[in-house]
Structure formats: structure tokens, C-alpha cells
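Accompanying notes for the structure given below.
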Amino acid sequence: MTPIAYEKAADIDAAAAGIQTMPGSGPVIGGIRFVAGGTNLLDLMKAQVMRPEKLVDINGLPLDRIETTEDGGLMLGALARNADTAYHPMVRTRFPVLSAAILAGASPQLRNMATNGGNLLQRTRCYYFYDTGVPCNKRTPGSGCSAIGGLSRQHAILGASEHCIATHPSDMCVALAALDARVHVKSAGGTRVIPFDQFHRLPGDRPDLDSTLEPGDLITHIELPPSDEFSAHSSYLKIRERASYAFALVSAAAMLDLSEDGIIRAARIALGSVAHKPWRQPEAEALLVGNRPTPENFAQVGDALLRDAVGQGANDYKIPMARRAVVRALEMAAAGIRSNTGLLAAESEAEKP
Ligand SMILES: Cc1cc2nc3c(=O)[nH]c(=O)nc-3n(C[C@H](O)[C@H](O)[C@H](O)COP(=O)(O)OP(=O)(O)OC[C@H]3O[C@@H](n4cnc5c(N)ncnc54)[C@H](O)[C@@H]3O)c2cc1C
Ligand code: SF4
């Protein structure tokens with residue numbers, strides 16, 4: 001039996017100031033960790049992949065609200081559950097790509113437990129990360145990467161390094177990347193706001209670090225800036241091996257701002273499960289501005305986004321799959337189809353004239 005200390009955080013300041021927790025990444029043995037829904041951390045502890053000395057339970061903190069901001073955006077509490085976020089009327093109507101992405105992930109039971117903050121810090125699903133009997137630089141820095149030359153069907157095609165080819169598994173984060181979300185963090189040093197594209201890291205030579213959080217950082221909120229010009233044409237596409245309960249092989253969040261005469265005023269497209277972080281490239285999105293939403297124009301964006309993609313052999317199939325996912329997600333957005341999975345897909349179907 002491994003003894004684990006447990007403490008309930010009394011308030012936000014105490015949680016952020018008094019406790020030098022490890023962020024949701026970094027060395028896996030020892031240290032203190034926050035626990036929210038527990039759906040990832042407790043699984044990793046059961047598998048002996050993460051072995052904290054102490055858990056600080058943050059569930060009692062008043063961080064579960066979803067509120068509008070002064071500029072018309074939305075502030076999602078870090079402890080709001082994924083299900084409450086996805087079904088919130090403001091999220092469904094004004095940020096439908098986020099509802100669609102959350103509802104494409106996991107199962108209803110898991111979404112009822114999982115929190116927004118925890119979703120950002122869920123760890124890779126690389127099989128070798130979970131297998132403590134084999135080398136893994138993310139789990140044990142310097143030990144090597146078993147996926148390179150091993151089973152790499154689900155691994156990265158963009159932004160990987162010689163030290164790690166893992167992907168970030170979240171669906172929610174792909175939508176947050178497209179929405180230009182901002183992560184609000186509190187620590188002993190004060191508060192700060194991290195733009196979403198700077199929140200997750202590429203592996204480089206420190207694959208043990210998933211995010212740019214520092215020890216002691218508590219995520220308090222995720223801010224969605226207003227993006228109503230995109231809400232009628234936003235969609236989330238998830239490609240997976242099984243119809244339910246599976247992580248994406250490739251996913252794409254697409255958002256289009258279309259003028260009345262059908263010209264693209266702005267476009268955003270983020271890819272999931274292709275890299276160590278959600279993948280966006282504003283230069284590729286800019287190719288669409290001033291053009292019509294045609295498959296040929298969408299294909300150019302796919303080509304630009306995947307230009308530097310490199311496979312490991314077993315995951316080469318992901319490169320054409322991701323290219324096609326870009327085209328299909330943008331086609332769905334143009335047609336007002338919100339999702340290809342679950343309830344929202346059925347609703348989009350029912351709403352067709
Ligand atoms: C069977 C299964 C299938 C799944 N399928 C999918 C899927 O298809 N798509 C998908 O996107 N996800 C999927 N998930 C992952 C699920 O979404 C995550 O496990 C969940 O979002 C994590 O949230 P949590 O609150 O339970 O986090 P926890 O497990 O409580 O915490 C995760 C990490 O975040 C840290 N943390 C939590 N909150 C904070 C905070 N406020 N500040 C700082 N650190 C914090 C913890 O210390 C820990 O390191 C699946 C999970 C399971 C078990
Ligand atoms: S890909 Fe990353 S997580 Fe997987 S074995 Fe290699 S170092 Fe570990």
C-alpha cells in the first residue's frame with residue numbers, strides 16, 4: 001500500500017498560495033497534485049503512472065460557474081463539469097463548436113464528472129506512457145521513447161521530436177484553440193492569463209512537460225472571447241475507430257464567418273490528435289479570406305496545414321486523413337452542420353430544410 005495524504009482546499013487563495021502542487025505534467029513521482037473530477041488522475045494513479053504524495057481536493061472551491069464577461073464573452077469556471085458546459089444555453093447557441101467538441105468526447109458519465117480545468121491537463125493516451133515496464137521520456141525523462149519504432153498508429157504527424165511523438169487527446173481543447181480561448185491562472189505570485197496557443201507545449205527535449213503551467217498554478221477560469229460572427233457556421237468533426245467512447249484518430253474544429261453573399265470574411269480551423277497540442281496555423285486560415293466556401297479552396301487550407309507533416313510509417317494514414325478532415329469540417333461549417341457525432345449531429349440532421 002502506498003500512503004497518500006489528502007486535503008480539501010479551504011479557499012482559492014489557500015489552494016493557490018499555500019500549496020506547491022505540481023502542474024498537470026512534469027515529474028510523475030512525488031509532489032502534491034490538485035484533484036478535480038479525478039477521471040484522469042485517479043486512473044493514472046491506479047496504473048502507478050503518477051504517484052503523488054498528496055492530493056489537494058479542489059471540488060469545494062467556487063469555480064463552477066459559467067458567466068458572461070463585460071465584453072460579451074463567456075467565463076467558464078475551471079470546476080464547471082464538461083456536461084454542464086456543453087449543455088449551457090449560452091455555450092450551445094453562441095459557441096456551438098465547444099458544445100460539439102465536448103459531446104464528441106468520452107461518455108455521459110465521464111462528462112458529468114470531468115471538469116473544464118482537468119480536461120486541459122489530461123495526459124496523452126500513448127500506450128507506452130501507461131506501461132511502467134517500458135521506457136518513456138514523458139513518464140521517466142531520459143529513459144527513451146518506446147513509440148518511435150514501436151506501435152505508433154495513433155501518434156503525432158506534426159510538431160513531434162526525437163524524444164516524444166505523443167498526441168494531446170482532448171476534444172474540448174481543439175475547440176478552445178479555434179475559439180482563441182484564454183486560460184486564467186492563480187498562484188502565490190498572483191494571477192495571469194495564458195493565450196490558448198501558449199498553454200500546451202510541443203515536446204522538444206522536455207516531453208515530460210505538457211503545459212506552460214508552473215508548480216502551484218491553479219486554473220481558475222477559461223475565457224471565451226466573443227465570436228458570434230462564427231456561431232452559425234461552426235462545426236466539430238471527430239474521426240475515431242469505434243462509434244463511441246474512443247479518442248480521436250484525427251479531429252477538426254472549423255469556424256467560418258460568411259457574408260450574406262457567401263464570401264468568407266474569416267476562417268479558423270484547428271486539428272486534434274495530430275500533435276502534442278491542438279494544431280492551428282493562421283496563415284493557412286488566411287488563404288480562405290475573400291474566397292468562396294468551395295471544396296477546392298478548403299483543400300488548399302488542408303495542404304498548407306499538413307505541408308510539414310511527417311509519419312512514422314504506421315501512422316502515415318493520418319496525413320491524408322487530416323487533409324480530408326480539414327475539407328470535410330469546413331464543408332460542414334459552411335452548411336451549418338455542427339457535428340458528425342452524437343446528439344448534435346442528429347439535431348443538425350433534423351434541422352435540415
Ligand atoms: C474511458 C475514458 C474515455 C475518455 N474519452 C475522451 C474523449 O474521447 N475525448 C476527450 O477529450 N477526453 C476523453 N477522456 C478524458 C476526460 O475528458 C478527462 O479525463 C477529463 O476531462 C479530466 O478532467 P478531471 O476533472 O476528471 O481531471 P482530474 O483527473 O481531476 O485532473 C487531471 C489533471 O489536471 C490537474 N487539475 C485539475 N483541475 C485543475 C485546476 N483547476 N488547476 C490546476 N490543475 C488542475 C490535476 O492535478 C491532474 O493533473 C476520457 C476519459 C476516460 C477515462
Ligand atoms: S511518444 Fe511520448 S509518451 Fe509515448 S513512449 Fe514516447 S516519450 Fe513516452
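Numbers for the structure displayed
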| read-out | value |
| --- | --- |
| Rounded tilt (10° steps) of 318-335 against the dominant C-alpha axis of the chain | 60 |
| Reachable lysines, given that their alpha-carbon falls under 28 Å from the alpha-carbon of Lys8 and they are not under 8 places away in the same chain | Lys46, Lys54, Lys186 |
| Chymotrypsin sites (Phe, Trp or Tyr not before Pro) restricted to DSSP loop in the range 216-272 with at most 10 other C-beta within 10 Å | Tyr245 |
| Gaussian network model of the chain, Cα within-10 Å springs - most flexible of Ser170, Ser235, Ser187 | Ser187 |
| Of His233, His88, His168, the one that fluctuates the most in a GNM where the chain has Cα springs shorter than 10 Å | His88 |
| DSSP beta bridge pairing in the chain, given as percent antiparallel to the nearest 5 | 75 |
| Rounded FRET efficiency, nearest 0.05, which uses the C-beta distance separating Thr2 from Met321 and R0 of 30 Å | 0.15 |
| Check: the chain dipole with +1 on Lys, Arg Cβ and -1 on Asp, Glu Cβ, in debye | 980 |
| Using a Förster distance of 22 Å, the FRET efficiency for Glu260-Glu347 (Cβ separation, nearest 0.05) | 0.35 |
| Principal-axis tilt of helix 342-351 within the chain, Cα atoms, nearest 10 degrees | 20 |
| Length released on extending from Lys54 to Gln109, taking residue separation times 0.36 nm less the Cα-Cα span | 17.2 nm |
| Helix 295-305 axis, angle to the chain major axis (alpha carbon atoms, nearest 10°) | 30 |
| R0 of 56 Å, Cβ-Cβ distance Ala10-Val289: FRET efficiency to nearest 0.05 | 0.65 |
| With all protein chains modelled, accessible area of Ile337 [1.4 Å, Å²] | 40 |
| The chain - mean residue ellipticity at 222 nm from DSSP helices (-39,500 (n - 2.57) per run, n ≥ 4, rounded to 500) | -7000 deg cm²/dmol |
| Over the range 78-176, relative contact order from alpha-carbon pairs under 8 Å, at least 6 apart, % | 30 |
| Residues of the chain: accessible area per residue with a 1.4 Å probe, Å² | 42 |
| Exposure of Glu229 as accessible area (Å², to 10), given a probe of 1.4 Å and all protein chains | 90 |
| Fraction of accessible area attributable to carbon and sulfur, the chain (%, probe 1.4 Å) | 54 |
| The range 1-151: relative contact order in percent, alpha carbon pairs under 8 Å with at least 6 residues between | 22 |
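The values are calculated or read from the model by the stated rules, or taken from the named source; none is laboratory data. The structure displayed is predicted, hence computed values, not measured ones. Cβ atoms come from the backbone with ideal geometry, glycine included; neighbour counts cover every protein chain shown. Accessible surface is based on the protein model in full, side chains and every heavy atom, while ligands, DNA and RNA are left aside. Shrake-Rupley method; radii C 1.70, N 1.55, O 1.52, S 1.80 Å.
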